[in-house]
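K.L.:
Please read through the structure below; I'll follow up with questions.
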Amino acid sequence: MNKRLPQIILLLFFLALCVHLYAIVAQMPTIRIISKCLLLPLLIIYLTVSAPNTTAIKKMALLALFFSWLGDVVLLSEGNYFVLGMLAFTMAHVRNGKILVRLQAFQLTGATWIGLGLALGTISLVYYFLQTSLETFLIPVVVYMVFISTVWVLSFNLTNHPKYKAAAINFFIPGMFLFVLSDGILAFNKFLLHQPERWDIWVMLTYALAQWLLTEGYISVVNVTREESTP
């Protein structure tokens, strides 16, 4: 395999992201849709070529990216598909959570307590400011926030594993932070601010960077596993 292929795919991902962000600013809906639909498939290809060996972790990571892509597509559809989009992303976070628990069993350490504090603070903040605006979406949004915050806690928990600590600090913790931030901006904008022309670019920038960081984390742990199994 061409050793430069992963870098080429990653470059295409960031190019698609730049095009997408420009399409948001320039109000080009067709380019915006096409570029958004390309982001996750490019990360799927990037993961595939960067971690060529097949493992259970890699399979779950590919499923997580696929469900995220499905959520992207559903949210592009006309009509009120917000809950279906959240369901698809919840399935992605379930896979992410399974990956992190498989790598490191849950332990109540200092790092994990930090994650728990941040997660509870985030859920409380969203509930406090949006409870009156969410109306029928209150329960689905809170449940979704519990799922995504749990994965964020598990990313802190991964620092308890000496071989995966670097991946947790460099990729999973900041990746999940950006994911939470992106979804938080999206929720506040959709239910409270109602200013998509101002906030959509920040939603997509933080979201795309989150998915990239998580993908780098997948690649890191899959390749560490491969090194451990090599005699």
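K.L.:
What tally of residues in region 25-55 results from selecting those that are within 17 Å of TRP69 (Cβ to Cβ), surrounded by fewer than 20 Cβ atoms within 10 Å (Cβ to Cβ) and hydroxyl-bearing (Ser, Thr, Tyr)?
P.N.:
Result for region 25-55: 1.
K.L.:
Give the residues of region 23-63 that are touching a residue at least 60 places away in the same chain (Cβ under 8 Å), in contact with a Phe, Trp or Tyr (Cβ under 8 Å, 6 or more places away or on another chain) and either among the hydroxyl-bearing types (Ser, Thr, Tyr) or outside any loop (DSSP other than H, G, I, E, B) (or both), sorted by residue number.
P.N.:
The answer is LEU39, LEU40, LEU43, TYR46, LEU47, ILE57, LYS58, ALA61.
K.L.:
Give region 1-45 a look and list any residue that's within 19 Å of GLU216 (Cα to Cα), in contact with a Ser or Thr (Cβ under 6 Å, 6 or more places away or on another chain) and not aliphatic (A, V, I, L, M), or say none.
P.N.:
The one that is within 19 Å of GLU216 (Cα to Cα), in contact with a Ser or Thr (Cβ under 6 Å, 6 or more places away or on another chain) and not aliphatic (A, V, I, L, M): PRO6.
K.L.:
From VAL83, VAL94, which residue is surrounded by fewer than 20 Cβ atoms within 10 Å (Cβ to Cβ), touching a helix residue (DSSP H, G or I) at 6+ places or on another chain (Cβ under 6 Å) and farther than 30 Å from LYS3 by Cβ?
P.N.:
After ruling out the rest, the residue left standing is VAL83.
K.L.:
Failed condition for ARG198, given (1) charged (D, E, K, R); (2) in contact (Cβ under 8 Å) with a residue 24 or more places away in the chain; (3) part of a helix (DSSP H, G or I), with all others met?
P.N.:
Looking at each condition in turn, ARG198 falls short on (2).
K.L.:
Further question: For SER68, indicate whether it is modelled with pLDDT of 95 or more, of a type outside the set (Asp, Glu) and within 20 Å of TYR144 (Cα to Cα).
P.N.:
It is true that SER68 is modelled with pLDDT of 95 or more, of a type outside the set (Asp, Glu) and within 20 Å of TYR144 (Cα to Cα).
The values are calculated or read from the model by the stated rules, or taken from the named source; none is laboratory data. Being a predicted model, the structure only gives us computed values, none of them experimental. A quick note on method: Cβ atoms are made from the backbone with ideal geometry, for glycine too, and the neighbour counts reach across all protein chains shown.
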